[in-house]
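Working notes for the structure below.
Every read-out reported here was derived from the displayed coordinates using simple, explicitly stated rules and does not represent laboratory data. Since the model is a prediction, treat every value here as computed from it, not as a measurement. Virtual Cβ from ideal backbone geometry, glycine too; neighbours counted across all protein chains shown.
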There are 2 protein chains.
Amino acid sequence: MDINSYVDNVCLLARESSREISCITQTQKDSILNDLVNEIKKNREDIKSENKIDIEALKKSENFAESFIDRLLLNDLRIDAMIDSIVEIIAIDDPVGDIKELKTMPSGIKVGKMSMPLGVIAMIYESRPNVTIDASALSIKSGNSIILRGGSESIRTNIVLEKCVKKALQENNVNTNAVQLINKVDRKIVNELLVRNDSIDIVIPRGGKNLIKLVDEISSIPVLKHLDGICHVYIHEDADINKALEISVNSKTQRTGVCNAMETLIVDTNISEKFLPLLEEKLVEKKVELRGCSKTKKIINSVKDATQEDWETEYLDSILSIIIVEDLSGAINHISTYGSGHTDVIVTENDQVANSFLRNVDSSSVMHNASSRFADGFEYGLGAEIGISTNKLHARGPVGIEGLTNEKYIVIGDGNIR
Amino acid sequence: MDINSYVDNVCLLARESSREISCITQTQKDSILNDLVNEIKKNREDIKSENKIDIEALKKSENFAESFIDRLLLNDLRIDAMIDSIVEIIAIDDPVGDIKELKTMPSGIKVGKMSMPLGVIAMIYESRPNVTIDASALSIKSGNSIILRGGSESIRTNIVLEKCVKKALQENNVNTNAVQLINKVDRKIVNELLVRNDSIDIVIPRGGKNLIKLVDEISSIPVLKHLDGICHVYIHEDADINKALEISVNSKTQRTGVCNAMETLIVDTNISEKFLPLLEEKLVEKKVELRGCSKTKKIINSVKDATQEDWETEYLDSILSIIIVEDLSGAINHISTYGSGHTDVIVTENDQVANSFLRNVDSSSVMHNASSRFADGFEYGLGAEIGISTNKLHARGPVGIEGLTNEKYIVIGDGNIR
């Protein structure tokens, strides 16, 4: 079959199955997910042995790097984590199908809203095979049909995981095409999928920035994405010094390679001489490289020159850039100019200033006196997350089941006419 | 200035002004809108005389048609209607800036949401000059910056209307670039605007299907749109005959050239012999042309053959296609196959069947025992509407101020770290 016909067929099956899975009840969905947990448990040895074959193949390839192996590896601990994630998704209330906010209008009609699945999701991801299970479970719970395209290096692992999902769908008499893994490795398939805006409602890329950029450029379908996480923590002059230190250290160092880690620290000039030496001590201890503006360099020593490029860079590493500003509006201006709209934090005991920051910073998450590391679906009570969005339309911030649905209007009359 | 630099400049001014207007209070917004009402009243004669010049020019052009004149005309009645529309928008509560749904999470952080303006809107429309005022007022109230591109035939009218808006902004010391009218008529400007996805957050085309299709094809920015309104009314076997007749007649004939008018009637076979002759009588009286399936033709006489093409056509005219189905699932299948996801209605006294229809039909508005003509922002209590969306993402159905905003996450802690 040529690529065009192959993708035609995948899209057709997705669209057909989407109608069916959009209508099943929460009980059916949870029964599928419970069966999925059992299938994974039953096939644990198979999953590990197929994963071993993927890893051996990767080791022999040119692209081999230890970090790739780590991403690809599924051991018992990680399989248990996949199961835990499904159990979490089972615990979430189904957002689909209830009539909400029903109000009577002057004409006599009642108008309300009902959440509905988006339809068909295409998930394009790199090597982590747990995405296959996470995305399938979120998609089933939200009533969507999903097309999965994982990395070629994890193909055998993904095939056995897909089998578990399809078995669970089948046991509940639900069309197994609600979850389809692209099991051909040809890269042209992705390009072909990304222009099927008649069949696919949303594309979710998950992986490095290059993957996301590529998907976004090619796609004629809306892409749920964030490109950068250039997150700021702003220490206002009325900050509590201890909170400021704890939040700064945690935002930068709790994990450095993640999108919600702080990349730039903004400090009010009035608190900088008191705060920066204390922070320097803690961050040097944690081996964080500091890069600062000229004013910062006058206050602390172990700091290199920060250039324009630093303000625009997501380090994803143990590096922090520091800028001193005059006041709140200086901080907001820096964030508006260089931020990526992901997550920005203010530390202050002054509620009026905090409220002004919360109102005027237009990022997907804006925080007061909390670590930027909290920007996460699980921490926000969404259960698992399918991704983080810095889009201005549809879902912003961590996206869980609700972001995979949208609301239609429901009108109830008693023979009303205009 | 070449087109590229011209559009660069418009986009830059829009982005700058968007930061400012996104932060103003409801009091400021309403003061601008009140001043806009006064400006329109003050400039009433100017508006009418510029409009007369536009109309004279149109009459001399090759494209001249009476319906074009009607669309372009601004008389006192229509100017009053524009003013009423602003007054309605003033009455709407500002959705922007309040923290909603604040909940304490197990970690101790409080997580809530805040509605924010989308940023920059580009509105591409045809000759009706009232759109200039409606769109400006909705955009100001929702805190967005807007770029307006009206039809070339209404350029002089639009320029004087834009002046009124800018005067109102200026009187309130708000950056007047929050509303910018493209006053050059070069068509290439639209093509250039539609690829500025770094500067513009959403495109809203308003006009004929060809305009919308064109905008959607060129645009790399999300487009809020509906292409077709192929709306269905389904008469279930348990329908009340009088309600069924009233709703059918009203949905088809109250206005025929609008997107929420019925195009196809679906009738249960068990009620068809009783219902169709009564309906035929009423619709023939209203001079509606009937086109039916073979079963329909056996029951009523004044009906032509309906072909496949009829099920796929938005007539926007006094024509109705009729199909007889076996049951609810036959009706839902027809709607899923041929519908445009705009508005679909069931008429029945059986609530269980109605609920199944409301749940399983995935259109932007789904109705029970009400005329499809109710699918409208004003009827839904949204105040004015900027358009109707059949998109699956972001806003669905009639879109008012709320659809011009989106929610960011707000996190409030007390020094919390992960």
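Here are the numbers for this structure:
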| read-out | value |
| --- | --- |
| For residue B:173, inter-copy label distances in nm, listed shortest first [label point 7 Å out on the Cα-Cβ vector] | 7.0 |
| Charge sum, other residues only, whose C-beta stays under 11 Å from residue A:221's C-beta, Lys/Arg counted +1 and Asp/Glu -1 | -1 |
| Loop GluC sites (Glu not before Pro), the stretch A:291-392, which have at most 16 other Cβ atoms in a 10 Å radius of their Cβ (DSSP) | A:312, A:326, A:349 |
| Karplus (6.51, -1.76, 1.60) ³J(HN,Hα), θ = phi - 60°, over the stretch B:334-340, in Hz, Gly and Pro reported as x | 4, 5, 4, 7, 10, x, 10 |
| Karplus (6.51, -1.76, 1.60) ³J(HN,Hα), θ = phi - 60°, over the stretch A:174-183, in Hz, Gly and Pro reported as x | 10, 2, 6, 6, 5, 10, 10, 9, 6, 9 |
| Environment charge at residue A:95 (Cβ cut-off 12 Å; Lys +1, Arg +1, Asp -1, Glu -1) | -1 |
| Centroid-to-centroid separation of the stretch A:41-75 and the stretch B:87-157 [C-alpha atoms, Å] | 49 |
| Candidates B:356, B:152, B:17, ranked by Gaussian network fluctuation over chain B, Cα under 10 Å, top entry | B:356 |
| Over the stretch A:1-140, relative contact order from alpha-carbon pairs under 8 Å, at least 6 apart, % | 28 |
| Normalised contact order of the stretch B:231-378, rounded percent, pairs of Cα under 8 Å and 6 or more residues apart | 33 |
| Prolate/oblate/rounded label for the stretch B:269-418 (Cα gyration tensor, a/c 1.5) | prolate |
| The stretch B:76-126: GluC sites (Glu not before Pro) falling in loop per DSSP and having at most 11 other Cβ within 10 Å | none |
| Placed amide H near residue B:416: partners under 5 Å, 5+ positions off or other chain | A:371 |
| Relative contact order [Cα under 8 Å, 6+ residues apart], chain B, whole percent | 18 |
| Distribution of pairwise C-alpha distances over chain A, 20 Å bins, in % | 24, 48, 26, 2 |
| For residue A:10, net neighbour charge (Lys/Arg +1, Asp/Glu -1) across residues whose Cβ lies under 12 Å away | +1 |
| Proxy reagent accessibility, fewest Cβ within 10 Å first, across A:181, B:36, B:161 | A:181, B:36, B:161 |
| Integer Hz, Karplus 6.51/-1.76/1.60 couplings in order for the stretch B:4-21, x for Gly and Pro | 4, 5, 4, 5, 3, 5, 4, 5, 4, 5, 5, 4, 4, 5, 5, 4, 5, 6 |
| Ranking of A:253, B:269 by count of other Cβ atoms within 10 Å, fewest first | B:269, A:253 |
| Cross-link pairs A:29/A:408; B:163/B:209; B:42/B:184; B:252/B:287; A:163/A:184; A:286/B:110 - those with Cα-Cα distance over 19 Å | A:29/A:408; B:163/B:209; B:42/B:184; A:286/B:110 |
| Likely footprinting exposure, B:338, B:234, fewest C-beta neighbours within 10 Å first | B:338, B:234 |
| Residue of chain A whose Cβ sits closest to the axis mapping A onto B, with distance in whole Å | A:394, 2 |
| Computed [θ] at 222 nm, deg cm²/dmol, chain A (DSSP H ≥ 4; -39,500 (n - 2.57); rounded to nearest 500) | -13500 deg cm²/dmol |
| Selection from B:393, B:12, B:367, by position along the positive dipole direction of chain B (Cβ) | B:12 |
